[in-house]
Amino acid sequence: MIETLAISNYRSLQNIVIPLANLNLITGANGSGKSNLYKALRLLAETARGGVVNSLAKEGGIESTFWAGPAKISRAMRQGEQDIQATNSQAVKRLRLGFAASEFSYSVSLGVTPPLPYPSAFELDPEVKRESIWQGSKYRPASALVERTDCLVKARDKRQWQVITQHMPMFESIFTQLADPQHTPEVLNLREFIKNWRFYDHFRTDSEAPARLPQLGTRTTVLGHDGSDLAAALQTIIEIGDEQGLEEAIEDAFPGARLTIQVSDNGLFNIEFNQHGLLRPLTGKELSDGTLRYLLWVAALLTPRPPSLMVINEPETSLHPELLPALARLIIKASQATQVWVVSHAPALIDALEQQAECNTIRLRKQFGQTEIEGQDLLNTPPWAWPDLR
Ligand SMILES: Nc1ncnc2c1ncn2[C@@H]1O[C@H](COP(=O)(O)OP(=O)(O)OP(=O)(O)O)[C@@H](O)[C@H]1O
Ligand SMILES: [Mg+2]
């Protein structure tokens with residue numbers, strides 16, 4: 001489980017350290033930084049998948065993702081006695097992402113490529129400058145297990161440091177190059193942990209959405225991001241998963257309704273939804289946007305193979321507020337098997353999730369352009385230190 005998430009110099013997240021629990025709700029006004037936080041978490045996930053450099057390029061280059069405000073907002077600026085202006089900072093610009101988890105902790109620093117001595121079409125690519133893996137929540141040199149500085153990677157071998165490579169490509173994370181179970185088991189362990197995080201963003205529910213169409217099905221323990229394997233995922237839950245949970249989730253939202261999956265002679269899976277008052281079941285094509293979306297969330301959240309972290313972004317989209325308490329109950333249930341991160345600004349969903357005593361609500365607000373957590377002060381901020389900024 002991730003216990004602390006830390007981000008520095010990414011858009012409105014100039015410096016933020018977030019304590020996490022099993023069930024986390026991220027909320028806040030428009031523009032407070034919810035999507036930035038979601039995107040930062042995705043970037044962190046991309047480092048383990050080898051896509052962080054590419055993802056930053058797609059965002060318009062690392063330079064545009066750096067915090068656009070001054071390095072420090074002075075007391076005079078806060079009190080309005082002085083305009084917000086650049087402070088004299090000599091520090092090199094780094095985008096930093098990191099987390100502390102129960103077993104190992106990890107952080108990465110990214111920066112721009114320095115001028116190259118030869119012409120290159122890749123001079124706008126970001127570089128991985130520093131990566132560290134350590135044990136415990138707060139970084140200390142004594143607790144470090146793997147250290148990467150530019151092209152050099154060292155791993156601790158009992159009391160000694162062993163050089164693993166001096167030729168680590170600057171455009172790659174240690175996760176893409178090192179996964180040797182003997183010399184760097186921590187890298188392998190963390191890579192698998194991060195690769196296992198699952199993100200669900202807006203599912204398509206328009207009339208041509210893949211989730212509506214009959215699809216060839218095989219056993220599907222993890223719903224795909226586009227929901228195209230919805231019928232197969234639901235049938236998998238019925239056969240080898242929490243069938244009773246599925247029935248309850250449907251009864252909870254649509255009393256009297258029944259879901260079946262029909263398989264045609266040529267192996268196509270199709271949803272059939274029997275609703276109270278109708279003489280024949282409705283197929284995927286005929287379901288309302290909200291009904292289809294609810295079924296997508298049921299399939300995602302009742303997965304027979306829970307990930308280490310499930311991130312769901314604004315699940316309320318196109319759901320009627322009346323359905324949100326049922327969705328909240330599904331999310332709460334999922335949080336018993338996996339760590340959950342929900343980004344939402346729907347009051348009915350927030351209220352229902354907050355009824356759960358264990359719900360960790362992170363309320364974001366923006367102050368001087370900077371995202372902050374409401375109610376956080378020095379005393380309740382989790383301990384955190386960046387390895388390259390001790
Ligand atoms: N490079 C940057 N430096 C500083 N602030 C930035 C940067 N890029 C974007 N922002 C700020 O981040 C804010 C957007 O945050 P975000 O999209 O995460 O908001 P949100 O909470 O998801 O809002 P909504 O509810 O409207 O979706 C904007 O107010 C924008 O000014
Ligand atoms: Mg947003």
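The values are calculated or read from the model by the stated rules, or taken from the named source; none is laboratory data. Fair warning: this is a prediction, and the values are worked out from it, not measured in the lab. Because the Cβ atoms are built from the backbone with ideal geometry, glycine has one as well, and the counts that use them run over all protein chains shown. All accessible areas refer to the heavy atoms of the entire protein, side chains included, with ligands and DNA or RNA removed. Shrake-Rupley method; radii C 1.70, N 1.55, O 1.52, S 1.80 Å.
Things to note:
- Given (1) more than 17 Å from the chain's Cα centre (by Cα); (2) within 16 Å of ligand 2 (Cβ to nearest atom), number of the condition Leu296 does not satisfy: (2)
- Failed item, numbered, when Gln177 is tested on (1) within 27 Å of the chain's Cα centre (by Cα); (2) over 30 Å from Ser264 (Cβ atoms); (3) open to solvent by less than 70 Å² (accessible area, probe 1.4 Å): (3)
- Members of the stretch 38-67 found to be more than 16 Å from ligand 2 (Cβ to nearest atom), assigned to a helix (DSSP H, G or I), open to solvent by 10 Å² or more (accessible area, probe 1.4 Å) and not β-branched (Val, Ile, Thr), listed by number: Glu46, Arg49, Asn54, Ser55, Ala57, Lys58, Glu63, Ser64
- Some residue of the stretch 356-367 being of a type in the set (S, T, N, Q), farther than 22 Å from Lys39 by Cα, open to solvent by 80 Å² or more (accessible area, probe 1.4 Å) and assigned to a loop (DSSP other than H, G, I, E, B): no
- Listed by first and then second residue, the pairs with beta-carbon distance under 6 Å, at least 6 apart or on different chains, first residue in the stretch 300-316 and closer than 9 Å to Val340 by Cα, second within 14 Å of ligand 1 (Cβ to nearest atom) and among the aliphatic types (A, V, I, L, M), are Ile312/Val342.
- Filtered by the rule that a residue be of a type in the set (A, V, I, L, M, F, W, C) and either over 20 Å from Gln177 (Cα atoms) or within 7 Å of ligand 1 (Cβ to nearest atom) (or both), the stretch 38-55 gives Ala40, Leu41.
- Within the stretch 334-349, considering residues that are in contact with a Leu (Cβ under 8 Å, 6 or more places away or on another chain) and over 20 Å from Leu5 (Cβ atoms), the one most open to solvent (accessible area, probe 1.4 Å): Ala348
- Under the condition of being closer than 24 Å to Ile174 by Cβ and either more than 12 Å from ligand 1 (Cβ to nearest atom) or free of Cβ contacts under 8 Å to residues at least 24 places away in the same chain (or both), the residues counted in the stretch 57-80 number 3.
- Highlighted here are the strands (runs of 3 or more DSSP E) found entirely within the stretch 96-190 that include at least 3 residues which are aliphatic (A, V, I, L, M): 105-112, 144-149, 152-157.
- Among residues of the stretch 8-37, those that are of a type in the set (A, V, I, L, M, F, W, C), buried (at least 19 other Cβ atoms within 10 Å of the Cβ) and more than 7 Å from ligand 1 (Cβ to nearest atom), counted: 7
- Any hit, the stretch 319-329, residues being surrounded by fewer than 16 Cβ atoms within 10 Å (Cβ to Cβ) and part of a helix (DSSP H, G or I): yes
- Being in the same structural domain as Glu251 (by TED's automatic domain parsing) and among the basic types (Lys, Arg) is a property that Arg293 has.
The rows are residues; the columns are (1) at pLDDT below 95; (2) touching an Asp or Glu at 6+ places or on another chain (Cβ under 9 Å); (3) crowded, with 21+ Cβ neighbours inside 10 Å.
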residue: Gly284; (1), (2), (3): yes, yes, yes
residue: Arg293; (1), (2), (3): no, no, yes
residue: Ala299; (1), (2), (3): no, yes, yes
residue: Ile312; (1), (2), (3): no, yes, yes
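- Test: residue in the stretch 64-85 that is at pLDDT 90 or above and more than 30 Å from Leu188 (Cα to Cα): yes
- Looking across Leu37, Leu43, one residue alone is in contact with a Leu (Cβ under 8 Å, 6 or more places away or on another chain) and closer than 20 Å to Asp150 by Cα. It is Leu43.
- Residues of the stretch 243-277 classified as in contact with a strand residue (DSSP E or B) (Cβ under 6 Å, 6 or more places away or on another chain) and among the hydroxyl-bearing types (Ser, Thr, Tyr), total: 1
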